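Everything below concerns the one structure shown next.
FYI, it's all coordinate maths here, none of it is from the lab. What you see is a predicted model; the values in this text were computed from it and never measured. No Cβ is skipped: glycine too gets one built from the backbone with ideal geometry, and neighbour counts run over all protein chains shown.
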């Protein structure tokens, strides 16, 4: 059962004013994940000229990274203050990114609007996974890609993300995640198929080193025990 004391999403609005400052350790952790995510996604898609939805974009780390790769990005997130911070930072740095406030269960976009939907650190937070994936499939063009990562559900993942990351190291605020909402790869594969998406490869994602701030740096891993990253696509014809 889910825990009402967990899955806190107000943390993104609370940190919005300092999102791009590098002053908050857990926000730096999210920023440090971007190169690893982008490196794996780069092998799945040529971003140049692609229309991309960053679903659950928060303050815009992935959105700006994909824009710098040549994508035409739209970001959406329910955290209004985080969206305002993302919009302001993009404007200050000349990035042409469209930002909207909204939720994955009800995307305010036309059918077949995007070449790709990117969804990182999000699926383990949503209230209705099947509905979010149906919306992803709806807004994807035929042949479009769904690129994602999320957290596996097992005792090791709970230990790593709750006990270690939240309670001991403070890499995330306490209550960020509810381990009951974590998703096993087989469950996500089945849910994507129900939504009309064709699941593709997945691999692990996790710490690979330490930087000068004594923060973790990240990369792909052979095991999907804690975080896993993957892709699916919408068939050309149904």
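To one decimal place, what Kirkwood hydrodynamic radius in Å is obtained for the range 70-205 from all pairs of distinct Cα atoms?
16.4 Å
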* Between the alpha-carbon centers of the range 159-227 and the range 84-153, tell me the distance in whole angstrom. => 18 Å
* Asked: If you build a Gaussian network model of the chain, linking Cα atoms that sit under 10 Å apart, which residue out of 214, 188, 169 swings the most?
  -> 214
* To do: Determine the percent antiparallel among the DSSP beta bridges restricted to the chain, to the nearest 5.
  => 50 percent
* Asked: For the range 107-154, with equal point scatterers placed on the C-alpha atoms only and solvent neglected, what are the log10 I(q)/I(0) values from the Debye formula at q = 0.19 1/Å, to two decimals?
  -> -0.61
* With r defined as the distance between the Cβ atoms of residue 138 and residue 5 and R0 fixed at 30 Å, what FRET efficiency is calculated, to the nearest 0.05? -> 0.35
* Listed residues 211, 32, 154, most fluctuating in the chain (Gaussian network, C-alpha, under 10 Å) -> 211
* Asked: Over the Cα atoms of the range 21-81, Rg to Rh with Kirkwood Rh, two decimal places?
  -> 0.98
* To do: Counting other beta carbons within 10 Å of each Cβ, put 213, 177, 93, 125 in order, fewest first.
  => 213, 93, 125, 177
* Structure fact -> Computed, not fitted: 222 nm per-residue ellipticity of the chain from DSSP H runs ≥ 4 (each -39500 (n - 2.57)), nearest 500, equal to -8500 deg cm²/dmol
* Please work out the ratio of the alpha-carbon Rg of the range 43-108 to 2.2 N^0.38 Å and round it to two decimals. => 1.04
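With the alpha-carbon atoms as the only input, what is the per residue convex hull volume for the range 116-191 in Å³?
Once divided by residue count, the hull of the range 116-191 is 89 Å³.
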* Would you order 45, 156 from fewest to most other beta-carbon atoms within 10 Å of each residue's own beta-carbon? => 156, 45
* Asked: When 119, 57 are ordered from fewest to most other Cβ atoms inside 10 Å of their Cβ, what list results?
  -> 119, 57
* Tell me, what is the Rg over Rh of the chain, with Rh the Kirkwood radius over Cα pairs? -> 0.93
* How much length, in nm to one decimal, is gained on full extension between residue 198 and residue 92, taken as 0.36 nm per residue of separation minus their Cα-Cα distance? -> 34.3 nm
